[in-house]
Ligand SMILES: Cc1ncc(COP(=O)(O)O)c(C=O)c1O
Ligand SMILES: [Zn+2]
């Protein structure tokens, strides 16, 4: 269908579903933008609900040391901030195509404040029905490798560094399994903030290169990510750095939630849809869980804004069997996860032995009627190869886990081949490729018999 017809159809749909409240507003996008800008107006604990001051730097809850979540004046925003507005203004250029197209529900007073490299707005690719994907009629890959720092971590860091800068923070620090370090370093460079990153010594070399190339102070640690976290905490106490650890500041999750805001818009474009809606199932490679928790938050906000109804996708946590704290807790019916000793997996982003947001993830799995599953390194590497070979998406090993988990759930009939399944490709395989492929033919162009080599390979 051509895009102008699609666009007209969109207008008809949003009008008939009552999403347009005043048609004149659509003709004055700048006026709308002025009216709807509103930074978050609450910051409350995800566990004890204690509210916290919003205009000063905050980390964990002062009462119970659990994560803080930002809240927005959704009842007021509802009158102006509509899917129609987002779509029209993105199309006419008065609203960015990046994740900041949802700036009304991001921690900025105005778009000028955002520290952005153009993150978000990534493609949702229908899988080609080929090889192991043949049976799947409605499977899609949300390809986050197209972000500025080649992973979904760009979104979280754009939001966190934006807020850190506007709150006057002068130096930031974080532990990272790799991709977060590269993203933090890039956005800190963009904002002109010094950045300290602590990474396990065996982090993929590309992540280390990426972080130091952006001018971050990189420290390699003989240990796991939570050992790195301890050093960051000490550094913050001693040197006054601001701690940007996953869920230990409230805004990385705000950036990540934009993946959830994008999905219904993406689905509208891909499908012959008649309304904004969510998929049947989302499979997400889970370490600290910010993406999963962020998307769930986005769905709740969208429902309060009147964009979607109460239906939710089944959320699936994909982990590596060498480090699967959420899977273990889920299997045992627990509300909190135990730390994994000697955590080991090639999927470095999944090597998070203890996650501070464990109880939120487990709550989401229950509420969404989802599940959690672990796969071996061999299974996730094979699945990574299949994503690359059959779909042309050079996936990260973490994303291999999502496809490996999907296959298991299909085998168990927990997933049906006709269901709408979203697989998250959170980063690119390029970042992990340390050895060139072996046994490639090498030819000498001056030799006339060069093509014979190809016949023997
Ligand atoms: C490529 C990749 N996928 C998944 C994850 C896990 O993400 P989250 O912490 O949001 O669970 C990470 C974290 O480092 C990652 O780098
Ligand atoms: Zn609390």
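Residue separation times 0.36 nm, minus the C-alpha to C-alpha distance between residue 134 and residue 231: what's the value?
Full extension of this stretch gives 30.1 nm more.
When DSSP beta bridges are limited to those with both residues in the chain, what percentage is antiparallel, rounded to the nearest 5?
Approximately 30 percent, going by the DSSP bridge assignments.
Could you grab the relative contact order for the chain? Cα pairs under 8 Å, six or more apart, rounded to a whole percent.
Once divided by the residue count of the chain, the mean separation gives 15 percent.
When the helix-only estimate is applied to the chain (DSSP H runs of n ≥ 4, each -39,500 (n - 2.57), divided by the residue count), what is the mean residue ellipticity at 222 nm, nearest 500 deg cm²/dmol? Write down the numbers at each step before the final one.
Working: 16 runs with 174 residues, N = 457.
Helix-only estimate at 222 nm: -11500 deg cm²/dmol.
When all alpha-carbon pairs of segment 102-167 are counted, what percent fall beyond 17 Å? Walk me through the numbers before you get to the answer.
Numbers: 1137 of 2145 pairs.
Here the long-distance tail beyond 17 Å is 53 percent of all Cα pairs in segment 102-167.
Alpha carbon centre of segment 245-284 versus segment 348-419: separation in Å?
If you average the Cα positions of each part, the centres end up 17 Å apart.
So for the chain, Kirkwood radius off the Cα pairs, Stokes-Einstein at 10 °C and 1.306 mPa s: how many µm² s⁻¹? Kindly include the intermediate steps, with their values, before the conclusion.
Details: Rh = 22.7 Å.
Estimated diffusion coefficient is 70 µm²/s.
Using only alpha carbon pairs under 8 Å that are at least six residues apart, calculate the relative contact order of segment 255-348 and give it in whole percent.
Numbers: 109 pairs, mean separation 24.9, N = 94.
So the answer I get is 27 percent.
When all alpha-carbon pairs of segment 54-110 are counted, what percent fall beyond 12 Å? It would help to have the intermediate numbers written out before the result.
Numbers: 1169 of 1596 pairs.
Looking at segment 54-110, the distances longer than 12 Å represent 73 percent of pairs.
For segment 40-109 and segment 159-210, what is the separation of their C-alpha centers, rounded to whole Å?
Segment 40-109 and segment 159-210 have Cα centres spaced 22 Å from each other.
So what's segment 24-175 giving for Cα Rg divided by 2.2 N^0.38 Å, two decimals? Before the final figure, lay out the partial values.
On the way: Rg = 18.4 Å, N = 152, 2.2 N^0.38 = 14.8 Å.
Normalised Rg, Cα atoms only: 1.24.
Could you estimate the translational diffusion coefficient of segment 153-250 from the Stokes-Einstein equation, with Rh from the Kirkwood formula over C-alpha pairs, at 37 °C and 0.692 mPa s, in whole µm²/s?
Numbers: Rh = 12.8 Å.
Translational D for this selection: 257 µm²/s.
Taken together, the values in this text are just the output of simple stated rules run on the coordinates, not laboratory data. Source: prediction; values computed, not measured.
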